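S.K.: Please read through the structure below; I'll follow up with questions.
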Amino acid sequence: MAQGDVVGQADGYEWPKEQEVLDQLAQWQDLKFGVILHWGLYAVPGIVESWSICDENWITRDATKTYQQYMDWYFGLAGQFRPTDFDPSQWAKVCREAGMRYVVFTTKHHDGFCMWDSKETDFTIARHAFANDPRRDVLRHVFDAFRAEDFMVGAYFSKPDWHSQYYWWDVYAKKGRNVNYPVDQHPWRWRQFTDFTHRQVRELFEGYGPIDILWLDGGWVCQENRGQDIDMPAIARMARGYNPGVLIVDRTIRGPYENYQTPERSVPDTLMHHPWESCVPLSDDWGYVPRPRWKTPQRVIATLVEVVAKGGNLLLGVGPTPQGLIQPEVVERLKEVGRWLEQNGRAIYGTITTPHYHDGDVWFTQSKDGRSLFAIFVPGEEAAPVTTISWSGNLPRKGQKVRLVANGRTLRHVVKDGRVEVTLPMPMSGPVALEVK
C-alpha cells in the first residue's frame with residue numbers, strides 16, 4: 001500500500017462502458033467483505049512493507065547503516081525468505097470462516113520482489129532461498145487455495161519497481177517513490193520499464209488466471225507526474241483479452257481504469273453511489289510485524305457495517321508470518337467476525353443502501369427487492385448491554401414486523417413521535433441486526 005498516504009473521500013468516478021465489466025462489478029459489490037494479504041521480503045524482519053528503502057523524509061530505518069548498506073541488507077533478505085510452513089489453504093479457510101468473499105494478494109510490492117516465478121527478473125521468491133521447495137511458485141498456490149474456497153481473486157501489482165534499474169537507475173543517487181531520472185531525457189530507459197511492466201502483467205494473466213481483479217498500487221506512476229506514462233489503455237486491453245470482465249483498479253487515478261475507488265485507512269464521510277472499497281489493516285500495519293496492535297472483532301464488524309451502509313466494500317488487511325501462516329491471534333479475531341456474519345450476514349451480503357442510511361448508533365441496509373429493511377445497532381465497544389433499540393426514519397409501516405436477523409424472533413416495537421423503539425428479548429451488547437418486513 002501507499003504507506004503515508006490516506007486516500008480520502010473519492011470523486012470523479014467514471015462508470016465502465018463494457019457490459020462484462022459492469023456485470024462483474026455488480027457481483028463484486030454483492031460480496032461486501034474481502035481480504036488483502038501483504039506478504040513479501042518485509043515479513044522476514046517484520047517491518048513496514050518496502051518503504052524503508054525509500055529516502056523520503058518521513059522514513060525511519062536502522063541508523064547504524066549507510067543507505068547503501070541498508071539497501072544491500074534489505075534486498076539480501078531474499079536469501080533468508082524461506083517460508084517452510086507456507087500453507088495457503090490455511091489462509092483461505094481462515095478467511096472463509098471470517099465471512100470474507102474475495103482476496104487481493106500482493107504479487108509484487110514497490111520493492112520489486114515477485115511472489116510468482118517471473119521470467120522477467122531473478123528477484124523472485126522462486127529463485128532464492130525458497131527455490132528448491134515445490135511450493136516456490138507462491139502465487140499459483142495462493143490463488144488455487146482461494147479459488148477452492150470460491151473466492152473472487154485479485155492480483156495486487158505495484159506500478160513502481162524500486163529494484164529495477166529502469167525505474168531507480170543507480171546513475172542517479174536520489175531514490176524517492178518516483179522514477180529517479182528525468183524521463184524526457186531518457187525515453188529509451190522509460191520505454192524499457194514500460195515494456196517490462198507490460199510483460200509482467202501478461203505473465204500474471206497468462207499463467208495464473210482467470211484473475212478477477214487487477215489491483216494496481218503506486219498511483220504516482222502516471223503521465224501527469226513526471227511523465228510516468230505506462231500506457232494503461234494497452235494494459236487494460238491485454239488484461240481484458242484474457243478476462244473480458246476483469247475489474248481494473250488503477251488506484252487514485254480517476255478515469256476508465258479505476259473501476260472502483262479505494263479510500264485507504266478511512267471510511268468516507270457520507271453515502272456514495274459509485275463502487276468503492278475501504279482498505280483497512282487488522283493491525284496498524286499491512287504486513288506482519290512482531291508486536292502488533294490488533295483491532296477488536298467488534299471494531300472490524302462496526303467498520304464493515306458502516307462501510308456497507310454507505311455503499312462500499314471492506315478490504316481488511318492481514319499479513320501472514322514469515323514462516324507462511326496466519327497467526328493464532330488473527331485466526332481468533334477473524335473467527336469471531338465470521339460467527340457474527342454467519343448469523344447476521346443477510347443484513348450485509350447482497351444488500352443495497354437506503355437514502356436514510358444512519359441514525360445515531362443504527363445503520364441501515366436493505367434487500368435488493370426492497371421488501372426487507374435491515375437496522376444494525378452498533379454501539380461503542382465499551383457500551384453496556386441494552387434492552388431497547390430506537391431510531392428515527394425508516395420506520396416500520398403498519399403490519400410490518402421487526403425480527404432479530406440472527407434467529408428470526410419477532411420483537412415488540414412501538415412507533416411514536418417519529419421514532420421506533422424495539423424491545424430486545426434480553427440485554428444484548430452489539431452489534432445487533434434487525435429486519436423490518
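The values are calculated or read from the model by the stated rules, or taken from the named source; none is laboratory data. Please read these numbers as outputs of a predicted model, since none were measured by experiment. No Cβ is skipped: glycine too gets one built from the backbone with ideal geometry, and neighbour counts run over all protein chains shown. Just the protein is used for accessible areas: all its heavy atoms, side chains included, with ligands, DNA and RNA removed. Shrake-Rupley method; radii C 1.70, N 1.55, O 1.52, S 1.80 Å.
S.K.: Which residue fluctuates most in the GNM of the chain (Cα springs below 10 Å): G40, G319, G219?
M.R.: With Cα springs under 10 Å in the chain, the top fluctuation among G40, G319, G219 is at G219.
S.K.: Counting only protein heavy atoms and a 1.4 Å probe, tell me what percentage of the range 1-133's accessible area is made up of carbon and sulfur.
M.R.: Accessible surface attributable to carbon and sulfur in the range 1-133 totals 46 percent.
S.K.: Now for a separate question. Please list, in order along the range 235-244, the HN-Hα scalar couplings obtained from phi with the Karplus expression 6.51 cos²θ - 1.76 cosθ + 1.60 (θ = phi - 60°), rounded to whole Hz, x for Gly and Pro.
M.R.: Result, rounded to whole Hz: 4, 5, 4, 5, 4, 7, x, 8, 9, x.
S.K.: Which ³J(HN,Hα) values, rounded to whole Hz and listed in residue order, are derived for the range 18-35 from phi using the Karplus coefficients 6.51, -1.76 and 1.60 in 6.51 cos²θ - 1.76 cosθ + 1.60 with θ = phi - 60°, glycine and proline given as x?
M.R.: 7, 5, 4, 5, 4, 5, 5, 4, 5, 5, 4, 4, 5, 6, 6, 9, x, 10
S.K.: May I have the convex hull volume per residue, in Å³, for the Cα set of the chain? Spell out each step's value before the answer.
M.R.: Details: hull volume 62.8 nm³, N = 437.
Given the Cα convex hull of the chain, per-residue volume reads 144 Å³.
S.K.: Which is the longest stretch in the chain that no exposed loop site breaks, taking sites as chymotrypsin sites (Phe, Trp or Tyr not before Pro) with a DSSP loop state and at most 13 other Cβ atoms within 10 Å?
M.R.: The longest such stretch corresponds to 173-437.
S.K.: How far apart, in nm, are the 7 Å Cα→Cβ label points at R291 and N57?
M.R.: My value for the distance between the label points is 2.9 nm.
S.K.: Next question, about the same structure. Enumerate the amide H contacts of I248 below 5 Å, restricted to partners 5 or more residues apart or on another chain; note that Pro and chain-start residues carry no placed amide H.
M.R.: L214, N259
S.K.: Just to confirm a number: summing +1 for Lys and Arg and -1 for Asp and Glu over residues other than G40 whose beta-carbon lies under 10 angstrom from that of G40, what do you get? Intermediate results must be reported in sequence, preceding the final value.
M.R.: Values: positive: K108; negative: E49, D111.
Neighbourhood net charge equals -1.
S.K.: Between H358 and E342, what is the label-point separation in nm under the 7 Å Cα-to-beta-carbon projection?
M.R.: Roughly 3.1 nm, to one decimal.
S.K.: Turning to a different aspect of this structure: Can you list which of the GluC sites (Glu not before Pro) found in the range 323-411 are DSSP loop residues with at most 16 other C-beta atoms within 10 Å?
M.R.: For GluC sites (Glu not before Pro) across the range 323-411 that sit outside H, G, I, E and B with at most 16 neighbouring Cβ atoms in 10 Å, the list reads E381, E382.
S.K.: May I pose another question? Which one, T84, T262, T106, has the greatest fluctuation when you compute a Gaussian network model over the chain with C-alpha springs under 10 angstrom?
M.R.: Of T84, T262, T106, the Gaussian network model singles out T84 as fluctuating most.
S.K.: Moving on. Mind pulling the angle between the C-alpha long axis of helix 328-344 and the longest principal axis of the chain? Nearest 10 degrees, somewhere in 0 to 90.
M.R.: Taking Cα atoms only, the helix is inclined about 40 degrees.
S.K.: Quick one: accessible area per residue over the range 271-427, 1.4 Å probe, rounded to a whole number of Å²?
M.R.: Using a 1.4 Å probe on heavy atoms only, each residue of the range 271-427 averages 46 Å².
S.K.: Taking θ as phi - 60°, what are the ³J(HN,Hα) couplings along the range 372-386 by the Karplus curve (6.51, -1.76, 1.60), each to the nearest whole Hz, with x for Gly and Pro?
M.R.: Couplings: 10, 9, 10, 10, 10, 7, 10, x, x, 4, 9, 5, 6, x, 10 Hz.
S.K.: Over what distance in Å are the Cα centres of the range 62-91 and the range 184-232 separated?
M.R.: Centre-to-centre (Cα) distance: 25 Å.
S.K.: Let me ask something else about it. To test your reading of the geometry: what angle, between 0 and 90 degrees and rounded to tens, separates the Cα axis of helix 297-309 from the longest principal axis of the chain?
M.R.: The angle comes out at about 80 degrees.
S.K.: Continuing with this model, one more query. Multiplying the sequence separation of S367 and A383 by 0.36 nm and subtracting their Cα-Cα distance, what value in nm do you get?
M.R.: 2.9 nm
S.K.: Report Rg (one decimal) and Dmax (nearest whole number) for the range 16-62, counting Cα atoms only, units Å.
M.R.: Calculated on Cα positions, Rg and Dmax stand at 18.3, 51 Å.
S.K.: Then there is this: Using 0.36 nm per residue of separation minus the Cα-Cα distance, give me the extension gain between Q19 and W169 in nm, one decimal.
M.R.: This chain segment gains 49.8 nm when fully extended.
S.K.: From the square roots a ≥ b ≥ c of the eigenvalues of the alpha-carbon gyration tensor of the range 220-370, which class results: rounded (a/c under 1.5), prolate (a/b over b/c), or oblate?
M.R.: Taking the square roots of the gyration eigenvalues as a ≥ b ≥ c, the range 220-370 is oblate.
S.K.: I've got another one for you. Using only the alpha carbons of the range 298-437, what is the convex hull's orientation-averaged projected area in square nanometres?
M.R.: Spelled out: convex hull of the Cα atoms, projected over all directions, averaged, 9.2 nm².
S.K.: Roughly how tilted is helix 88-97, in degrees to the nearest 10 and between 0 and 90, from the longest Cα axis of the chain?
M.R.: The angle comes out near 20 degrees.
S.K.: Mind checking the range 1-103 for trypsin sites (Lys or Arg not before Pro) that DSSP puts in a loop (not H, G, I, E or B) and that have at most 15 other Cβ atoms within 10 Å?
M.R.: Passing sites in the range 1-103 are K17, K65.
S.K.: Taking every pair of alpha-carbon atoms in the range 149-289, what share in percent sits in each 10 Å bin, from 0 to the bin with the longest distance?
M.R.: Whole-percent P(r) values from 0 Å outward: 10, 36, 35, 17, 2.
S.K.: Given only helices, namely DSSP H runs of n ≥ 4 each adding -39500 (n - 2.57), what is the per-residue ellipticity at 222 nm of the chain, to the nearest 500 deg cm²/dmol? Present the calculation step by step, with values, prior to reporting the outcome.
M.R.: Details: 8 runs with 107 residues, N = 437.
Counting only the DSSP helices, I get -8000 deg cm²/dmol.
S.K.: Given the Cα-Cα distance of D133 and Q27 and 0.36 nm per residue of separation, how much length would full extension add, in nm?
M.R.: Working: separation 106, 0.36 × 106 = 38.16 nm, distance 3.63 nm.
Residue separation times 0.36 nm, minus the Cα-Cα distance, leaves 34.5 nm.
S.K.: Please give the Cα centre distance for the range 385-437 versus the range 303-368, rounded to the nearest Å.
M.R.: Here the two parts' Cα centres lie 21 Å apart.
S.K.: Out of L216, L247, L411, any idea which swings most in a Gaussian network model of the chain, alpha carbons joined below 10 Å?
M.R.: L411
S.K.: Would you calculate the volume per residue, in Å³, of the smallest convex hull containing every Cα atom of the range 70-172?
M.R.: Working: hull volume 11.7 nm³, N = 103.
About 113 Å³ per residue, rounded to a whole number.
S.K.: Of K368/K401; K93/K295; K17/K175, which ones are farther than 27 Å apart at the Cα?
M.R.: K17/K175
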